[in-house]
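Below: one structure, written as structure tokens.
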Amino acid sequence: MTTDWGEKSTADLMNKYVSKEMGYGVPREGWRICLAHEFKEKRKPFQAKDVSLANAWGHIGLGIRYLKWWYKKTQVEKKAPFIDMFRAQPLRQIYGAPLGGIGGGTITRGWRGEFCRWQLNPGMYHYKTVIANQFTVCLRRGGQTVYQQVLSVEHPPTLQGWNWGYCGEYAFYHALYPRAWTVYDLPGQNVTLTCRQISPVIPHDYQDSSLPVAVFVWDIENKNDYDLDVSIMFTMVNGSGHKDDKSGGHWNEPFHLEKEGEAVSGVLLHHCTTVNPYTLCIAAREQPDREVSHQTAFSPRGTCSGLWSDLLTDGRLDSPTGSSPPTTKGEKVAAALAVSCSVLAQSCNNLEFSLAWDMPKITFGAREREHIRRYTRYFGTKGDASPSLSHYALKHYRQWENSIEEWQRPVLQDSSLPFWYKSALFNELYYVVDGGTVWTELPEDADVSGGVRSKDGGLPAQPTVIKEYGRFAYLEGQEYRMYNTYDVHFYASFALIMLWPKLALSMQYDIAGSVVQHDHTERLHLMSGQYSPVKTKNVVPHDIGDPDDEPWERVNAYLIHDTADWKDLNLKFVLQVYRDFHLTQDSQYLKDMWPICKAVMESEMKFDLDEDGLIENSGYADQTYDGWTVTGPSAYCGGLWLASLCVMCKMARLLDQEETYQCYRDVLDRGSTAFDKLLWNGKYYNYDSSGRHFSNSVMSDQCAGHWFLRASGLGEGEYQAFPKEKIQSALKSVFDLNVMSFAEGQMGAVNGMRPEGVPDHSSVQSDEVWIGVVYGLAATMIHEGMREEGMRTAEGCYRSVWEKLGMAFQTPEAYCEKGIFRSLAYMRPLSVWAMQLALNTSQKDKTTSVQTAERQEAGRGFEKES
């Protein structure tokens, strides 16, 4: 479903583009923006000062305790808080598709061409635009340079010897992750450049997808009646704009590598820090009709006119031999690589570059253990892989593109799907790579079982899937620095299980192993002010740690709440186990996870089960809507509980455990009856059963349990926990109130809405829109045959984030109707892939129904003839 306001917002992003040139091979689908565009709305991040007086009064104790903890962390320990409520990242409306594969670190290139967001040290982000990192074009005719321009709209105070200020009205950016295109119509030159950026992010590929490399292909269209010689120069600083760029000891060297009939050459930039040293590499393929030249080292300070003149003179660089001396303290060094070719009149040609970075061994903030990145399985751990990585990328990028196009084609060619959805589906995948992501090899001495072996109801010490495919972790958000935050991964996990299922299963084994562990260390929890153990046995951890500490070794970096009180974590684990089995049909996984599922469910039933078959105090607010107090069973956790019972019944049947099946069946039957009695009000499920003023608020996520049942092929017949007519009524209420009665139906679904049609302001987060929750809600609607409503619901979020608020490639956790947003670059919006699963399932169900009807009709025809 496409709306008029949606079409207008798309046009707004390109309304300053004055050229008619649309580039070489740029697809129609994706996110497109003119380089001269300016976003009108400038939002600010949510900070402590934004808490209303009413909500602040109830959180005075939390505020004081957080302030004390924050001061100790930042001023005494000199560490970054895992959540910094006083120094949230400001909104920079500049980001484009990140470079690189999964788990090897990322470098983000902005939509105006800047290199501006860095995550080379695992999980730790550095937001700095390195202005000297640029592409420059040189056009020559008849041996004379006629045009030389930095392809940047910036006018920096440094490097004044370069020709800056490209007119952004003659260029646009187009992203369809993991590729992106920038089209430059060079003013007055009758030449169009199309830069195509390719990263090896390929579903079901566990080798090339791990590589820390990207390729830039420059297609050059010469529309003149005369030939041109064209050079592209790529400049790169040794470093990331961080203060350690000036720490001294960094050096560059040229290289040449020839193997398998292909030769590449370029410059290696050795960044020799004490912790996590790395090598950057800019390279190009050597071909008979291309000339590759370089400048090993130049200072990115001052005017830098020498390098500019070098290229201007003859379209090539001097190419000195030998390495540069190590930098002195306070000095920076950069390198340049130029590739040249001839472009005949009225024809095209292309130039290729690669950018690679090699940081094979990493340590986290505590520096207690060394980890080996996944890509080293194929390129070694010595730190000398950059030339081979570059050679491999330049030789194989066409295969990567073929694989990417084959994967994306069914969606892109489906005319029933709107353009915005195709952009959302693929572009939101940036977070799999740029979520502070690490993908490491399992150490030989590692034991992920938590000390409880399979024979005792635990796991193997080294499960096959982790041993073969490695360990995977990604942050809750770039600003919420906790790895594998499980209640949020519940939503985001659809992208992994559908595209890289081995990584999803590997992560589940890691989580399962931590379930049986216990850490009796007492620590202060900031919300309650009480001391309690860091980790309780048979409780799923909130997260597996902070990258500034030692992930996997110390879990539960989150210390706001006591995570033992989070009723939804155990339930979300059980639901994901069966969902993952349903999609992978991995029977060994199901057998391994079954005892863990029983342990966490028995933990819930032992302490929280009431006589009606529901768990008490199952409050979503306790773990998600801060300040929204819950009493008694709630729609959210109560629904997850019933759905978990449902999948336990299914798994027990699959494993021939009839007695266990009957146990869970009995609780499910009693719980379903009580759930309807306590929470159903005739139109939707109340927020909770307390009878307080806000207990009848309409929660957008009230059908989350049913959503997971449908995503798992359940929710009907024997494995139905919720009456279909009530689910559809609840979804209709959410659509009418939370979607269409909020922001004129143009911003998605607000978390909480009062029955009278005004947002629920009773908590800090009840009047927010959570983009990832909205995508999950849309998926639920699609499962229930409400495709038009689901698409309209999700469209509001996409248009707001990508077209109105300027948050491309940094989709936040939340925004309010006006003014503020919270937590940029967040994990949960990967749940857009749940919509694709729902669409796939609906199409499959429709096809099955048609085939069944055809068989029945054929049978009736046969009977008639007989």
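The values are calculated or read from the model by the stated rules, or taken from the named source; none is laboratory data. Please read these numbers as outputs of a predicted model, since none were measured by experiment. Positions of Cβ are generated from backbone atoms using ideal geometry, with glycine treated the same way; all protein chains shown enter the neighbour counts. What goes into the accessible areas is simple: the full protein's heavy atoms, side chains included, and nothing from ligands, DNA or RNA. Shrake-Rupley method; radii C 1.70, N 1.55, O 1.52, S 1.80 Å.
When the Debye formula is applied to the Cα atoms of the chain, each taken as the same point scatterer, what base-10 log of I(q)/I(0) results at q = 0.10 Å⁻¹?
Here the Debye-derived log intensity ratios amount to -1.10.
Quick one: pull the percent of accessible area on the chain belonging to carbon and sulfur, 1.4 Å probe, ligands and nucleic acids left out.
49
For the pair Thr303 and His256, what calculated FRET efficiency results from E = 1/(1 + (r/R0)^6), where r is the Cβ-Cβ distance and R0 = 30 Å, to the nearest 0.05?
Here the calculated transfer efficiency is 0.45.
Return the long-range amide H neighbours of Val213 (sequence gap of 5 or more, or a different chain), with a cut-off of under 5 Å between placed amide H atoms.
Here Gly100, Gly101 satisfy the definition.
Between Thr673 and His693, what is the FRET efficiency for a Förster distance of 25 Å, r being their Cβ-Cβ separation, to the nearest 0.05?
Plugging the Cβ-Cβ distance into 1/(1 + (r/R0)^6) gives 0.40.
Leaving ligands, DNA and RNA out of it, work out the accessible area of Asp50 with a 1.4 Å probe and give it in Å² to the nearest 10.
Taking all protein chains as shown, Asp50 has close to 60 Å².
Taking only the alpha carbons of segment 75-220, what extent do you get along each of the three principal axes, in Å, biggest first?
Computed over segment 75-220, the largest-to-smallest principal extents equal 62, 42, 24 Å.
As a test of the definition: which semi-axes, in Å, follow for segment 530-585 when you take the square root of five times each eigenvalue of its alpha carbon gyration tensor? Largest first, please.
24, 15, 8
Determine the order of Leu654, Leu805 by accessible area, beginning with the largest, at a probe radius of 1.4 Å.
Leu654, Leu805
Quick one: what do you get for segment 495-537 if you divide its Cα Rg by 2.2 N^0.38 Å?
Dividing the Cα radius of gyration by 2.2 N^0.38 Å gives 1.67.
Report, ordered by chain and residue number, the lysines lying within cross-link reach of Lys382, taken as a straight Cα distance under 20 Å and ignoring same-chain residues fewer than 8 apart.
Lys259, Lys361
Counting only residues 5 or more places away or on other chains, whose amide H sits under 5 Å from the amide H of Val698 once H atoms are built in the peptide plane?
Residues meeting the amide H criterion: Met753, Arg754.
Can you tell me the length gained on complete extension of the stretch Asp384 to Leu312, counting 0.36 nm per residue apart and subtracting the Cα distance?
22.6 nm
Contour minus end-to-end for Gln728 and Asp586, with contour as 0.36 nm per residue of separation and end-to-end as the Cα-Cα distance?
Net length gain for the segment: 47.9 nm.
When the solvent-accessible surface of protein heavy atoms is calculated with a 1.4 angstrom probe, in what order do Arg367, Arg398, Arg373 fall, highest first?
The residues order as Arg367, Arg398, Arg373, largest area first.
Go through segment 400-414 residue by residue and turn each phi into a ³J(HN,Hα) via Karplus (6.51, -1.76, 1.60, θ = phi - 60°); whole Hz please, and just put x for glycine and proline.
These are the phi-based 3J(HN,Hα) values: 4, 5, 4, 5, 5, 5, 5, 5, 7, 4, x, 6, 5, 8, 7 Hz.
Rounded, prolate or oblate: which one fits segment 456-850, using the alpha carbon gyration tensor with axes a ≥ b ≥ c (rounded when a/c is under 1.5, else prolate when a/b beats b/c, else oblate)?
Rounded.
Just the Kirkwood number for segment 385-429, please: inverse of mean 1/r across all distinct Cα pairs, in Å, one decimal.
Hydrodynamic radius (Kirkwood, Cα pairs) of segment 385-429 is 12.4 Å.
For a protection proxy built on the mean count of beta-carbon atoms within 10 angstrom, sort 595-603, 275-283 highest first, please.
Going from most to least packed, we get 275-283, 595-603.
Which pairs, out of Lys598/Lys677; Lys72/Lys128; Lys49/Lys818, put more than 20 Å between their alpha-carbon atoms?
With Cα atoms farther than 20 Å apart: Lys598/Lys677; Lys72/Lys128.
Which log10 I(q)/I(0) values, to two decimals, does segment 202-267 give at q = 0.25 Å⁻¹ under the Debye formula with one point per Cα?
-1.20
Kindly write out, for segment 783-788 in residue order, the coupling ³J(HN,Hα) from the Karplus curve 6.51 cos²θ - 1.76 cosθ + 1.60 (θ = phi - 60°), rounded to whole Hz, with x marking Gly and Pro.
Couplings: 4, 8, x, 9, 5, 4 Hz.
On average, how much accessible surface per residue is there in segment 667-747, in Å², for a 1.4 Å probe, leaving out ligands, DNA and RNA?
37
Starting from the Kirkwood radius over alpha-carbon pairs of segment 382-509, derive D by Stokes-Einstein at 10 °C in a medium of 1.306 mPa s and give it in µm² s⁻¹.
91
Read phi for every residue in segment 728-733 and hand back ³J(HN,Hα) as whole Hz from Karplus 6.51 cos²θ - 1.76 cosθ + 1.60, θ = phi - 60°, with x for Gly and Pro.
Karplus values, whole Hz, x for Gly and Pro: 5, 5, 5, 5, 5, 5.
Ignoring everything but the protein chains, give the 1.4 Å probe accessible area of Ile64 in square angstrom, nearest 10.
Approximately 90 Å² for this residue.
Using a Förster radius of 51 Å, what is the FRET efficiency between Glu38 and Glu370 based on their Cβ-Cβ separation? Nearest 0.05, please.
0.65
Within straight cross-link reach of Lys422, meaning Cα distance under 21 Å, which lysines are found once same-chain residues fewer than 8 apart are removed?
Lys8, Lys804, Lys844
Among all the aspartates and glutamates, which ones have a C-alpha under 12 Å from Lys455's C-alpha, if same-chain residues fewer than 8 places away are not counted?
Those aspartates and glutamates meeting the cut-off are Asp592.
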